[in-house]
Amino acid sequence: QVQLVESGGGLVQAGGSLRLSCAASGSIFSINVMGWYRQAPGKQRELVAAITSGGSTNYADSVKGRFTVSRGNAKNTVFLQMNSLKPEDTAVYYCNARSIPYIYWGQGTQVTVSS
């Protein structure tokens, strides 16, 4: 089992920045990939960014060049640095961890970008 706790969401003006953090506990040695998804009202949950245990990253086209995903030195944390935020980035952001064949989710943190 893996438990995920997110922090760092909030309200920011367009053009601003936020940094999300996610700390994993439990069977962290088994985690292959960590990342972030988001879900806006009335929309499906979508991948924002992910990073593998080897450091490979993957981003949604809509955030490339603006968001950066990284992992902490202890490998049980993942961060999402969000710059140049837009109103369309408004959503609940969920931390995600994959430990084949299991997928774990955090409780979500709200990010609201005002225009």
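Quick notes on this structure:
- Restricting the range 74-89 to residues that are among the polar types (S, T, N, Q) and closer than 21 Å to residue 104 by Cβ, the residue that is modelled with the lowest pLDDT: 76
- Single match in 111, 63, 92 (criterion: at pLDDT 95 or above and touching a Phe, Trp or Tyr at 6+ places or on another chain (Cβ under 8 Å)): 111
- Wholly within the range 48-115, strands (runs of 3 or more DSSP E) carrying at least 1 residues that are under 22 Å from residue 10 (Cβ atoms), in contact with a strand residue (DSSP E or B) (Cβ under 9 Å, 6 or more places away or on another chain) and in contact (Cβ under 8 Å) with a residue 60 or more places away in the chain: 77-82, 91-99, 102-105, 109-114
- Matching option when the condition is small (Gly, Ala, Ser) and open to solvent by less than 40 Å² (accessible area, probe 1.4 Å), among 49, 74, 23: 49
- Annotation: residue 54 fulfils all but one of (1) open to solvent by less than 60 Å² (accessible area, probe 1.4 Å); (2) closer than 20 Å to residue 70 by Cβ; (3) modelled with pLDDT under 95; (4) not acidic (Asp, Glu); the unmet one is (1).
The values are calculated or read from the model by the stated rules, or taken from the named source; none is laboratory data. Computed from a predicted structure; not experimentally measured. Cβ sites come from the backbone with ideal geometry, for glycine too, and all protein chains shown count toward neighbours. All accessible areas refer to the heavy atoms of the entire protein, side chains included, with ligands and DNA or RNA removed. Shrake-Rupley method; radii C 1.70, N 1.55, O 1.52, S 1.80 Å.
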